[in-house]
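**Student:** First the structure, which I've put down as structure tokens, then a few questions once you've had a look.
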Amino acid sequence: MDKRKKRTIELLVLDSEKDRIHCVIKSPLVSTYERSVVEGKAYIMSNLDVEPNEGNYRATRHPCQIVFKRQTQIRTVIDYIIPEYAFEFTPVSMIRSGFRDDSFLIDFMGLLCGKSELKEFSKKPKSVNLLDIELDDLRLLEHGPTISTKVVAIESQLP
């Protein structure tokens, strides 16, 4: 990894009511916490900063996000009742309608059935990689491929 680039760890944290909140471990603390947080485990965390969830691309609709700080403490919980996953799938009809709210990530389960070549776009001082993908809605595939709806040209920014 290029040492000049700042690394962050971004988490989607879930509670027992399936509420999701974006959690960030910023660059100077990544090495301190990267081995402390494992996907699928439950934790009690304390001494965190709570900040407004702002910006162009947000992981959740929650108005706040959690940010680790040097004093953050993490304790693993063995016996817990927090669900492992909580999805809010966006219907293909909404995606195909042209309605776009690029401010938030969405949940979509699909079968990758086509992709373009990786395209690089330069906007000084950054360059962005773009990949067009084509997905089939998995919920419709169980009824046979003739009902399948294609979602075409979803753009994804790659690191």
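**Student:** In sequence order, what are the phi-derived ³J(HN,Hα) couplings for the range 38-45 according to the Karplus relation 6.51 cos²θ - 1.76 cosθ + 1.60 with θ = phi - 60°, rounded to whole Hz, with x for glycine and proline?
**Tutor:** Using θ = phi - 60°, the values come out as 10, 4, x, 9, 10, 9, 9, 10 Hz.
**Student:** What spacing in nm lies between the two simple spin-label points modelled at Ile78 and Leu111, each 7 Å away from Cα in the Cβ direction?
**Tutor:** A separation of 4.4 nm, rounded to one decimal place.
**Student:** Mind giving me the FRET efficiency for Leu130 and Asp49? R0 is 22 Å, r the Cβ-Cβ distance, nearest 0.05 is fine. List each step's numbers first, then the result.
**Tutor:** Details: r = 33 Å, r/R0 = 1.51.
Result of the calculation: an efficiency of 0.10.
**Student:** Let me ask something additional. Once amide H atoms are placed 1.01 Å from N in the peptide plane, what residues at a sequence separation of 5 or more from Cys64, or on another chain, have their amide H within under 5 Å of its amide H?
**Tutor:** Amide H neighbours of Cys64, under 5 Å, 5+ apart: Asn53.
**Student:** Further question: Calculated FRET efficiency, Ser36 and Arg61, Cβ-Cβ r, R0 22 Å, to nearest 0.05?
**Tutor:** 0.25
Every read-out reported here was derived from the displayed coordinates using simple, explicitly stated rules and does not represent laboratory data. Note that this is a predicted model, so its numbers are computed, not measured. No Cβ is skipped: glycine too gets one built from the backbone with ideal geometry, and neighbour counts run over all protein chains shown.
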